[in-house]
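Student: Attaching a single structure in structure tokens format; questions to follow.
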Amino acid sequence: MAEIRAEEPASTISKTFLIKPKLKSKPRSLPQTPESKYWSSFKSTKIPNLVSSISSLSFSPSPPHLFAAAYSASVSLFSPLSLSDGDVSPSSTISSFSDVVSSISFRNDGLLLATSDLSGLVQVFDVKTRTPLRRLRSHTRPVRFVKYPVLDKLHLLSGGDDAVVKFWDVAGESVVLDLMGHKDYVRCSDCSPVSPDLFVTGSYDHTVKVWDVRVENSRSVLEVNHGKPVEDVIYLPSGGLIATAGGNSVKIWDLIGGGRMVYSMESHNKTVTSICVGRVRKENDGAESMEDRILSVGLDGYMKVFDFGNMKVTHSMRFLAPLMSVSFSPDCRTRVIGTSNGIIFAGRRKGKENVESGRVGNVLGFESISESERRVLKPTYFRYFHRGQSEKPTEGDYLVMRNKKIKLAEHDKLLKKFRHKDALVSVLSRKNRENVVAVMEELVARKKLLKCVSNLDSDELGLLLTFLSKNATMPRYSSLLMGLTKKVIEMRVEDIRNSDALKGHIRNLKRSIEEELRIQHSLQEIQALGTSRASSVNLFSGLGNLHLPSLQTSLTPAALLTSASLILMFGNKSRMAFVNFF
């Protein structure tokens, strides 16, 4: 771009060039939001080898919030406190089932556990003794879900492949209501957190129905159509909204508004199998508050965290297997996810344990200990011998201090094994002149250097000649390397004559020696100007006429020996004189 200035003569032209601005490099990974950091703070622990798919997960409502996992024909109970110590073994297991367990649910006091299986049987167990207290049989097909009401201890809800939802009187082992409104398999249910009489069910007929046990004709009071087979349904904490999962979408419905759909989240790539309500800690103006989130898992291996207040996905996590179930503890400290290959990914959030939660009485059959007491491990405990390096010693521990093992270089390991040639080749390939000279001096002390030189092949000999051409004229190493150069030429002259590559290395060696002689000649002239001793002038008078015999046609050991002798005689002394002169 050129422009003509009016103030100056017309002959003067100034040029202005546009400068392309530098673009800032984009970050490789997006910065984590505070909510992503919160969900990433759950320390993940893998609980493997549970035989088959984890069909259902449930947390006890009472501290210390045990969680139960249903897989195959068994139900295992785990303590979240043991996850902090790395113990993934179950606290207890119930195996008295004749078929695959499909669903589990704790009563609101945590004392009883209801289970259902594919044989059509519903059972109620005492959590402490694992004894079956009730056996409820009325379904004619496999039972897919069982649910305890949130505010009711005396009744139970179940449904299955016979498309019938049953409301049970647990104490009398009888059915209070048979709710027949679905036209296909009933797969899921949830009970209202604000009323003991309301609950919701989801079916493969794409519908979700709201029931009220006070209605006389046993018909649903509200119905919504999800559009796909419904896999899971939950009440949100307010009691006026529900969330349904089916296909690859999670939809939120307003029950108070007559079943109006509020939002549809379609961030999963495959079928959403399970959803639950989780809570995240927020800080607003220094005050902490808890906000509710929807956790969803699917066959695509993703867990999504959905903020239904702002209608957006706030966090996503990928697992290497299809996910079948998810649950979140009432104290917001533990998150568990079950996969189709029999693995539970349990996440325990870091931080101080709630002492009150550890001091619950023997309600569930476990000792009431606080976290501080739990961390005191005695030598009689198995976990005492599996403590990590980060474990701090106590006052009574005896410390055994052990020096750290020195890591040896490759050539040192070979020297210890007396593999002298391999050690020399290894250090030559590293191109560290100090290490090369040190290994050569060690081989000289062992009287093995010349034997190693004689056993080198053409490529290895080329490495050695390359090193000598670069370092033989250095004053620090010339006393060793020039003598070695003479021996190498004498011993391997036939190999050098028969190889063009080795002749090239010799030419490089010749040039380096000629360059050193030129430097010595220059030093001789400088020294002659600063001294009046005739002996020094006579000593260097014939140095300028010296030259090496040509190696283009033939190579003689005597020629190189003459050059090496000159370097040995004048190299160190002449350079020292040059330093002293200045």
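The values are calculated or read from the model by the stated rules, or taken from the named source; none is laboratory data. Values in this document were obtained by computation on a predicted structure and should not be read as measured data. Note that each Cβ is placed from the backbone with ideal geometry, even for glycine, and that neighbours are counted across all protein chains shown. For accessibility, only protein heavy atoms count, side chains too; no ligands or nucleic acids. Shrake-Rupley method; radii C 1.70, N 1.55, O 1.52, S 1.80 Å.
Student: Kindly provide the set of residues from region 414-440 that are surrounded by 11 or more Cβ atoms within 10 Å (Cβ to Cβ) and either in a loop (DSSP other than H, G, I, E, B) or not assigned by the TED database to the domain that holds Asn471 (or both), ordered by number.
Tutor: Arg419, Lys431, Asn432
Student: Would you please name the residue that is farthest from Ser56 (Cα to Cα), looking only at residues in region 280-311 that are of a type in the set (Lys, Arg) and at pLDDT below 90?
Tutor: Filtering first and then ranking leaves Lys282.
Student: A follow-up question, please. In region 119-143, which residues are open to solvent by 50 Å² or more (accessible area, probe 1.4 Å) and of a type outside the set (Ser, Thr, Tyr)?
Tutor: Lys128, Arg130, Pro132, Leu133, Arg134, Arg135, Arg137, Arg141
Student: Among the numbered criteria (1) modelled with pLDDT of 90 or more; (2) open to solvent by 10 Å² or more (accessible area, probe 1.4 Å), which single criterion is violated by Arg335?
Tutor: Of (1) modelled with pLDDT of 90 or more; (2) open to solvent by 10 Å² or more (accessible area, probe 1.4 Å), only one is false for Arg335: (2).
Student: For Ser95, all conditions in the list (1) free of Cβ contacts under 8 Å to residues at least 40 places away in the same chain; (2) closer than 22 Å to Val277 by Cα; (3) not hydrophobic (A, V, I, L, M, F, W, C) hold save one; what is the number of the exception?
Tutor: (2)
Student: Please state which one of Asp99, Asp87 is part of a loop (DSSP other than H, G, I, E, B), over 19 Å from Ser52 (Cβ atoms) and not polar (S, T, N, Q).
Tutor: The conditions single out Asp87.
Student: Select from region 441-479 the residues that are assigned to a loop (DSSP other than H, G, I, E, B), at negative phi and either at pLDDT 90 or above or not hydrophobic (A, V, I, L, M, F, W, C) (or both) and list them in ascending order.
Tutor: Those that are assigned to a loop (DSSP other than H, G, I, E, B), at negative phi and either at pLDDT 90 or above or not hydrophobic (A, V, I, L, M, F, W, C) (or both): Arg446, Lys448, Asn455, Asp457, Thr473, Pro475, Arg476, Tyr477.
Student: Return the only residue of Asp232, Asp190, Asp152 being within 23 Å of Asp109 (Cα to Cα) and part of a strand (DSSP E or B).
Tutor: Result: Asp190 is the single residue among Asp232, Asp190, Asp152 that is within 23 Å of Asp109 (Cα to Cα) and part of a strand (DSSP E or B).
Student: Tell me, which residue of region 449-506 that is closer than 22 Å to Phe418 by Cβ and either of a type in the set (Phe, Trp, Tyr) or more than 49 Å from the chain's Cα centre (by Cα) (or both) is most open to solvent (accessible area, probe 1.4 Å)?
Tutor: Lys451
Student: Conditions first: (1) within 16 Å of Ser55 (Cβ to Cβ); (2) in contact with a Lys or Arg (Cβ under 9 Å, 6 or more places away or on another chain). Pro142 passes all but one, so which condition is the exception?
Tutor: (2)
Student: Quick check, is Thr115 open to solvent by less than 10 Å² (accessible area, probe 1.4 Å), assigned by the TED database to the domain that holds Val186 and either β-branched (Val, Ile, Thr) or touching a Lys or Arg at 6+ places or on another chain (Cβ under 8 Å) (or both)?
Tutor: Against the criterion (open to solvent by less than 10 Å² (accessible area, probe 1.4 Å), assigned by the TED database to the domain that holds Val186 and either β-branched (Val, Ile, Thr) or touching a Lys or Arg at 6+ places or on another chain (Cβ under 8 Å) (or both)), Thr115 qualifies.
Yes or no, residue by residue, for (1) open to solvent by less than 90 Å² (accessible area, probe 1.4 Å); (2) closer than 30 Å to Ser41 by Cα; (3) in a loop (DSSP other than H, G, I, E, B); (4) at pLDDT below 85:
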| site | (1), (2), (3), (4) |
| --- | --- |
| Gly342 | yes, yes, yes, no |
| Arg348 | yes, yes, no, no |
| Ser368 | yes, yes, yes, yes |
| Arg383 | yes, yes, no, yes |
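Student: Within region 103-111, does at least one residue satisfy the condition of being closer than 19 Å to Gly342 by Cα and either open to solvent by 10 Å² or more (accessible area, probe 1.4 Å) or not in a loop (DSSP other than H, G, I, E, B) (or both)?
Tutor: Yes; the residues of region 103-111 include at least one that is closer than 19 Å to Gly342 by Cα and either open to solvent by 10 Å² or more (accessible area, probe 1.4 Å) or not in a loop (DSSP other than H, G, I, E, B) (or both).
Student: List every residue pair whose Cβ atoms sit under 9 Å apart, with the two residues 6 or more apart in sequence or on different chains, where the first one lies in region 398-427 and is more than 18 Å from Val439 (Cβ to Cβ) and the second, anywhere, is in a loop (DSSP other than H, G, I, E, B) and open to solvent by less than 100 Å² (accessible area, probe 1.4 Å).
Tutor: Once the first residue is more than 18 Å from Val439 (Cβ to Cβ) and sits in region 398-427, its partners that are in a loop (DSSP other than H, G, I, E, B) and open to solvent by less than 100 Å² (accessible area, probe 1.4 Å) give Leu399/Pro393.
Student: Limited to region 135-178, what total is found for residues that are hydrophobic (A, V, I, L, M, F, W, C), over 17 Å from Ser103 (Cβ atoms) and touching a residue at least 40 places away in the same chain (Cβ under 8 Å)?
Tutor: Going through region 135-178 one residue at a time, the tally reaches 2.
Student: Give region 179-197 a look and list any residue that's hydrophobic (A, V, I, L, M, F, W, C) and touching a residue at least 40 places away in the same chain (Cβ under 8 Å), or say none.
Tutor: Leu179, Val186, Cys188, Cys191, Val194
Student: If you take just the strands (runs of 3 or more DSSP E) that sit entirely in region 242-317, which of them hold at least 2 residues that are outside the structural domain of Val230 (by the TED database)?
Tutor: It comes to none.
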